DNA sequence: GAAGTTGTCTACCATTTGGTAAGTGACCAC
DNA sequence: GTGGTCACTTACCAAATGGTAGACAACTTC
């Protein structure tokens, strides 16, 4: 259903219409937010009509659902790789954090969506939760193992994960707060933030 | 204009109509979000008509503006107190964090609004920024002084502030993430989160 | 070349949105 | 007791929203 146009059938960059819709929807949901995104506006940006969107997806909710499914998949791949790569202890945390910042640089909308979905609550949040659950489980048990091994300070692993999540995601998505602090959200600044958050996390987590 | 009804003129708890409107708006903006909040729904909850809201405030934007102004004021008071109280170094950071958690327990909408406004961007975010600017300045220079004194690890004070902000606000407002981690957002859990975030921040910041 | 199938369009529609206009009853000044 | 203000109402409205129905052109299949 989504691959009917083939690799070269799309009117633009060789993308399926449904993929182009998901791209635009992801971008708009992540920045303007779900509620503030209208199908008409979405369609206009794609040089389509709203009805064409509703041809590919039965409803606006279904578009969100598809966006979440796709994005959660991409996010999982990006992080699972870092999480399963060799290395232990702090090195592994650093690898994961770095991969989040890599996502922030290449596809900031992915992290913006994560935020937006958390704000929307169920059922969207539930779907995202379920899709990322394996990742969370692995990360949580990794932290626990490290604490058991005595290489990281002891905390409730779930709260620790929430703290890391909040810090990293905040550092990457809190554009307005950044501006409030007089720091323009540029690419250079992103690197600086990465360096800083890594140093911060390191002193918070690592024993010795 | 807002005090015409006097201290006992309100139909319910002795509150001005315009204050009741702001209360309801704050709650709804903070939870459902600005876009998802309609004047009709707001009015219905207050047993008023939408037109009565538009009698007190010229537009929906103006309601948001007023909500931000009032909330930023309350937030400033709560935090300025903690920030200006006696004590130095870590004790003072702890006092501020504790006061944020106190707000989270008594008026969680205040922090929810902070989040929502950051998401909305200008002009709302700019207004909030300006209103909280003195607070940010004081906090930033406090951290810088501590780092100069060698009692806290050296970081870019603004990025450090962003990290602390993200962590604390995240710990307090990321209900869905909390749920995703299998932690129900109860009052008891809030206390645990406070303990945990304090321990975490302490090891991240304090030298020795 | 007739019969699908596919992707997009035009034409609608009911509902909701923020906002305007014009009233109405209660209270107050004089 | 009349004029005026105050708080709130009913009656509208234009625009936008998500969604339906049906037409239509392009292409494939036989």
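Bear in mind that the values in this text are calculations on the coordinates, not laboratory data. Since the structure is predicted, the reported quantities are computational estimates derived from the model, not experimental observations. Because the Cβ atoms are built from the backbone with ideal geometry, glycine has one as well, and the counts that use them run over all protein chains shown.
Between the helical axis of B:17-31 and the longest alpha-carbon principal axis of chain B there is an angle of about 50 degrees.
Suppose R0 equals 30 Å; then what is the FRET efficiency for residue B:137 and residue A:88 from their Cβ-Cβ distance, rounded to the nearest 0.05? E between residue B:137 and residue A:88, to the nearest 0.05, is 0.10. Relative to the longest principal axis of the Cα atoms of chain B, the long axis of helix B:157-173 makes an angle of roughly 60 degrees. Comparing B:26, B:181, B:162 in a Gaussian network model of chain B, where Cα atoms under 10 Å apart are tied by springs, the biggest mean-square fluctuation is seen for B:181.
Can you work out the base-10 log of I(q)/I(0) for chain B at q = 0.08, 0.12, 0.17 1/Å, using the Debye formula on its C-alpha atoms alone? Scattering profile of chain B, log10 relative to I(0): -0.33, -0.70, -1.20. Distance between the pseudo-spin-label points of residue A:206 and residue B:35 (7 Å out from Cα toward the beta carbon): 4.2 nm. Give the shape of region A:107-183 as rounded, prolate or oblate, defined through the alpha-carbon gyration tensor: a ≥ b ≥ c are the square roots of its eigenvalues, a/c under 1.5 means rounded, and otherwise the shape is prolate if a/b is larger than b/c and oblate if not. Judged from the Cα gyration tensor, region A:107-183 comes out oblate (a/c at least 1.5, b/c at or above a/b).
Computed from Cα positions, the angle between helix B:60-84 and the longest principal axis of chain B comes to roughly 30 degrees.
So what's the projected area for region A:17-60, the Cα convex hull averaged over all directions, in nm²?
Its average projected convex-hull area is 2.5 nm².
Counting Cβ atoms of other protein chains within 10 Å of each residue's Cβ and taking the mean over peptide B:199-206 gives 5. Each semi-axis of the equivalent ellipsoid for region B:28-151 is √(5λ) with λ an eigenvalue of the Cα gyration tensor; in descending order they amount to 34, 14, 11 Å.
The other copies place their residue A:105 label points at 4.3 nm from this one, listed shortest first, where each point is 7 Å from Cα along Cα→Cβ.
Per-residue ellipticity at 222 nm, computed for chain B from helices alone with -39500 (n - 2.57) per DSSP H run of at least four residues, works out to -24000 deg cm²/dmol. Where the label is 7 Å out from Cα toward Cβ, how close does residue A:61 come to the same position in every other copy, in nm, shortest first? Distances to the matching label points in the other copies: 3.3 nm. Spatially, region B:85-112 and region A:171-191 are offset by 24 Å when compared through their Cα centroids. Its residue count N fixes a reference of 2.2 N^0.38 Å for region B:8-100, and the Cα radius of gyration divided by that reference is 1.37. Work out the FRET efficiency for residue A:81 and residue B:69 from their Cβ-Cβ distance, taking R0 = 35 Å, and round it to the nearest 0.05. It comes out at approximately 0.15. Placing R0 at 25 angstrom, the Cβ-Cβ distance between residue A:44 and residue A:106 gives a FRET efficiency of 0.45 after rounding to 0.05.
With a ≥ b ≥ c the root eigenvalues of the C-alpha gyration tensor of region B:49-90, is it rounded (a/c under 1.5), prolate (a/b larger than b/c) or oblate?
prolate
Between copies, the label points at residue A:85 (set 7 angstrom from Cα along Cα-to-Cβ) are spaced 4.4 nm, reported in nanometres from shortest to longest.
Across peptide A:125-137, the average count of Cβ atoms from other chains found within 10 Å of a residue's Cβ is 2. For the protein assembly as shown, would you read off the P(r) tail past 31 Å as a percentage of all alpha carbon pairs? When all Cα pairs of the protein assembly as shown are counted, 43 percent exceed 31 Å.
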